[in-house]
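Presented below is the structure to which this report refers.
What follows is calculated from the coordinates using simple rules that are stated; it is not laboratory data. Note that the structure is predicted; figures quoted are calculated from it, not measured. Here Cβ is always computed from backbone atoms with ideal geometry, including for glycine, and neighbour counts include all displayed protein chains.
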Amino acid sequence: MDIKNAEFTSIFNVASLQNGALVDLHWFFLAIAALIACVVTGLLIAVIAKFRTPADDDGSEPRQVKGNIRLEIIWTAIPLLIVTVLGVLTAVVMIKVNPAVGSKKPDVIVIGHQWWWEYQYPKYNNVITANELYLPAGKNFLFEMRSADVVHSFWVVAFGQKMDCIPGHPTNMWVHPTKPGKYLGSCSEFCGAQHGLMRIIANVVPQAEFDEWIKAQQAMPEHSTDPAALRGKKLFNDATCVQCHRIAGDAEAESQIGPDLTHIAQRKTLGDGLIDNNTENLTKWMQNPQKFKAGVNMPNMRLTDEDAHDIAIYLESLK
Ligand code: CUA
């Protein structure tokens with residue numbers, strides 16, 4: 001499976017400028033917290049040692065102390081100072097990581113669906129793809145997060161931030177990837193039966209490779225003249241496939257309910273990172289999607305082996 005070649009998934013495997021700032025802040029917080037823990041533990045041990053009951057204790061009540069203005073001021077001022085410093089640093093990092101968007105247009109629109117991801121690139125001739133996100137390294141991309149149904153949450157671990165996709169209320173997030181690699185994430189807001197299989201596969205590639213990818217996405221898919229593929233195309237357009245799926249350049253297939261299939265053959269996986277993308281797996285998927293992802297919106301189309309195979313041949317020709 002292709003996603004096995006992914007980078008080590010950890011927030012400490014920093015892959016974006018934003019996550020760099022967040023992880024630095026995290027280490028600073030941890031250092032301050034560790035220092036406080038050491039001071040408090042040290043004082044506690046010192047007090048226990050110094051004021052333990054002496055052997056000749058006569059059982060009388062210890063000296064009673066009440067009110068000490070200097071102590072009150074010290075133990076109010078020090079925590080206040082610590083909380084203020086941490087609060088200001090948090091605000092500074094928040095502004096740095098997610099500056100105001102203003103009237104800027106998004107570079108990528110992320111749409112959460114039960115249970116897959118749609119990615120639109122409005123500045124690149126409105127390329128639309130599904131489940132396998134591509135980003136160029138070294139460029140700050142503005143994301144707009146949307147949802148087609150329920151609340152989802154977009155979280156690529158190495159990018160640090162997590163952002164909710166809320167129906168009817170777009171949210172924003174900046175991502176400036178720093179190093180090429182394949183980074184995994186997952187939906188992180190419970191969104192139904194297959195929430196756990198709502199994976200995110202983010203490919204960060206060098207700018208030149210990204211330009212190539214965008215060019216390939218913008219091109220109309222090559223149509224095979226193979227007889228099985230032609231038969232498959234006819235079946236695809238005659239059956240209910242076109243009620244949910246879009247294939248650019250095909251006037252009959254314009255629905256955007258399910259994943260865009262314009263260049264499905266370029267994708268590495270099917271079912272959002274579930275199985276390898278090949279004719280055999282696509283045939284099996286079409287014959288019973290519920291077997292792979294129970295509850296998924298795509299019904300069992302009750303296709304014969306031959307029909308499913310020919311549609312798969314057609315779709316796998318869409319490079
Ligand atoms: Cu989408 Cu959880």
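For the range 38-196, rounded, prolate or oblate, judged on the Cα gyration tensor with a ≥ b ≥ c (square roots of eigenvalues), a/c < 1.5 rounded, else prolate if a/b > b/c?
Taking the square roots of the gyration eigenvalues as a ≥ b ≥ c, the range 38-196 is prolate.
Once both labels are modelled 7 Å past Cα along the beta-carbon direction, what's the residue 211-residue 70 spacing in nm?
If labels sit at residue 211 and residue 70, their model points lie 7.0 nm apart.
Considering only the other residues whose Cβ falls under 15 Å of the Cβ of residue 308, what net charge follows from Lys and Arg at +1 and Asp and Glu at -1?
Net charge in that neighbourhood comes out at -1.
The range 105-169 to the range 38-62: how many Å between their Cα centroids?
The distance from the Cα centre of the range 105-169 to that of the range 38-62 comes to 59 Å.
Label-point separation (nm) for residue 91 and residue 238, each offset 7 Å from Cα along Cα-to-Cβ?
6.7 nm
Taking neighbour Cβ counts within 10 Å as the exposure measure, how do 246, 52, 63 sort from fewest upward?
63, 52, 246
Counting other Cβ atoms within 10 Å, keep those with at most 14, restrict to DSSP loop, and tell me which trypsin sites (Lys or Arg not before Pro) in the range 169-237 are left.
Values: sites: 182, 199, 215, 231, 233, 234; in loops: none.
Hits after loop and neighbour filter: nothing returned.
Once both axes come from the Cα atoms, what is the angle between helix 207-218 and the longest principal axis of the chain, in degrees from 0 to 90, rounded to 10?
Compared with the principal axis, the helix lies near 40 degrees.
Rounded to the nearest 5, what % of the DSSP beta bridges within the range 102-261 are antiparallel ones?
75 percent
Calculated FRET efficiency, residue 50 and residue 77, Cβ-Cβ r, R0 25 Å, to nearest 0.05?
So the FRET efficiency works out to roughly 0.50.
Quick one: net charge of residue 147's neighbours, Cβ under 12 Å, K/R +1, D/E -1?
For residues surrounding residue 147, the net value is -4.
Can you sort 238, 149, 58 from fewest to most other Cβ atoms within 10 Å of each residue's own Cβ? Working shown, then result.
Working: 238 10, 149 15, 58 5.
By the 10 Å Cβ count, ascending: 58, 238, 149.
If each of residue 126 and residue 103 carries a label point 7 Å out from its Cα toward its Cβ, how far apart are those two points in nm?
In this crude spin-label approximation the distance works out to 2.2 nm.
Could you work out the Kirkwood radius for the chain, taking every pair of different alpha carbons, averaging 1/r and inverting it, reported in Å?
23.2 Å
Using only DSSP helix segments of four residues or longer, with each worth -39500 (n - 2.57), what per-residue ellipticity at 222 nm results for the chain after dividing by its residue count and rounding to 500?
-11500 deg cm²/dmol
Could you line up 14, 65 from fewest to most neighbouring Cβ atoms inside 10 Å?
Exposure proxy ranking, most exposed first: 65, 14.
Cβ under 11 Å from residue 242's Cβ, residue 242 left aside: what net charge do those residues give with Lys, Arg +1 and Asp, Glu -1? List each step's numbers first, then the result.
On the way: positive: 233, 246; negative: 238, 250, 252, 254.
That sum, taken over residues with Cβ under 11 Å, equals -2.
For residue 141, which sequence-distant residues (separation of 5 or more, or a different chain) have an amide H within less than 5 Å of its own amide H, given hydrogens modelled in the peptide plane?
Correct list: 175, 176.
Return the percentage of antiparallel bridges among DSSP beta bridges fully within the chain, rounded to the nearest 5 %.
75 percent
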